[in-house]
1. Going by amide H atoms built from the backbone, whose H comes under 5 Å of the H on Asn96, apart from near neighbours?
2. In nm, give the distance between the simple-model label positions of Val147 and Leu229, each being 7 Å from the Cα along the Cα-to-Cβ direction.
3. Just to verify a number: FRET efficiency for Ala199 and Gln403, C-beta to C-beta distance, R0 = 25 Å, to 0.05?
4. If I take R0 = 51 Å and measure r between the Cβ atoms of Leu158 and Asp452 in this structure, what FRET efficiency does the formula 1/(1 + (r/R0)^6) give, to the nearest 0.05?
5. If packing is taken as the average number of other Cβ atoms within 10 Å across a peptide's residues, how do 159-171, 335-347 rank, most packed first?
6. Taking only protein heavy atoms into account and a 1.4 Å probe, give the accessible area per residue of the range 72-201 in Å².
7. So, in Å, what gap is there between the alpha-carbon centers of the range 330-379 and the range 144-213?
8. Which cross-chain or sequence-distant (5 or more) residues have an amide H under 5 Å from the amide H of Ser369, H modelled 1.01 Å from N in plane?
Amino acid sequence: MKRAFWPIRSTPLRLTLVFLGIFILSSAASFATAYFVIRANFDAVLEDEIDQTLDTYKSIKDQNALIARLQADVQITDSELTILQYQPDRGPVISNAAGLPQAEDYTIIDHSAIAESQGDIADSYLARTKRVGRGQLTVAKTREQVVKMGEIILSVVLIGLLPTIILASGAGALAARNARRRIDRIQTTLAELTAGHMAARVPVTAHDRDDLTAISAAVNTMATSQEALIASMRQVSADIAHDLKTPIQRVAVILDEITEKTVLSAGQEDLLGQALHETDRIVKTFQALLQLAQIEGGAVRDRLIPTDLQAVAEDVVDFLGADAEEKGYGLTLSLTGAGPFTVIGDRHLLSQTIANLIENGLRHTPTGSTIQVELSRQNGQVILRIADNGPGIPVEEREKVLQRLYRLEQSRTTEGNGLGLSLVAAICTLHDAQLLLEDNHPGLMVRIVFPDGGEVN
């Protein structure tokens, strides 16, 4: 079923137009009813006057006297008010406006239907024809007052109703604009909250007391609760990571001292090596959680400065290139378009982002693959692309892999802690950059769009 098409998307403006339409229709119906009632009363009065005139002439029984009376009355009767026309069975027509058509019943006759007149005639007449004596007598009374009454009502509509409609339209449009502005603020705040800006709130003034104020207050209350909940969760994660990091590091030191100071069998050394490896993974996981909490908390925002992303990418590719080549992988960096590729950011975090994405590609692609790093500029934005030819990430999983500790490999037997892409997402948010996971056909392409950072000092 197709939805009705509304060219106007603003609900307040729609309501304004609906109520304005109802007002116009009701006013028009009221004026139209008044006009038709008054016109019917005028016509009833004219009908009585016509009948009285016809009865007066019908009371004259002598034909000659009737003709003499009509001839005299035609001379003194103003055709603009009343038209008399007598068509005797024999003899000439007696009339003060020749060419008046006969009317068997009460009939409205327009002035255009009257052929000629001895004087001025009105725009329209109400006429009736009756047999009087030995002929047909037509009496027509002017409807000028009815016409003027219609013009007066139309003037009242134009002078009175039209300004009211204009004022109501202006007031409605103003109210709709104010409501639309407040609704836009609510939508903007909800969009910011959805994007992770938990400090966003709907502005509410002291004099606001309508339903939008209640909605705004509810949104702010919800946002405050969510902010407190998320802050609590982040604090718990940071506290756990911080509290457990030191003991685990101590365990690692103890295991290392056992390895160095104790004579162990080959099997024991192997087990201690595995324990050291696992504790190192745990320390790295807690370190990543702490760093994620710092980034999401905005603690490093004051370190964002104009940074040459090309220099950062070159350093990372040079650093990881030898290790990738040793493992049988290729790692390339290409530039598309003219630089500089400057962004507002933190050099260390940008390096970590590129390194995490390259290491993620090396971890999930077969030996012999090439990881491609590309920098380009488009519409004033700096775009970083890192692509591989591995298995990629299914579309339905791309949002999930950006969550903390989420891994595609549910058995969690492979290397990694599920925090690499979470850190990348948090760093992108900190840098106001857009993170996109796309198909590389085959493989995964990570595209990060940075706003232009200007020139590096």
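1. It is Leu84, by chain and number.
2. Using points 7 Å along Cα→Cβ, the separation is 7.7 nm.
3. 0.70
4. Working: r = 57 Å, r/R0 = 1.12.
Given R0 = 51 Å and the Cβ-Cβ separation, E is 0.35.
5. Values: 159-171: 11.9, 335-347: 17.2.
The packing order, highest mean first, is 335-347, 159-171.
6. With the other protein chains kept in place, the range 72-201 gives 55 Å² per residue.
7. 52
8. For Ser369, whose amide H was placed from the backbone, the distant partners under 5 Å are Gly330.
The values are calculated or read from the model by the stated rules, or taken from the named source; none is laboratory data. What you see is a predicted model, and the numbers here were worked out from it, not measured in a lab. Methodologically, a virtual Cβ is constructed for each residue, glycine included, from the backbone with ideal geometry; neighbour enumeration extends over all protein chains shown. Quick note on the areas: whole protein, heavy atoms, side chains included, nothing else; ligands and nucleic acids left out. Shrake-Rupley method; radii C 1.70, N 1.55, O 1.52, S 1.80 Å.
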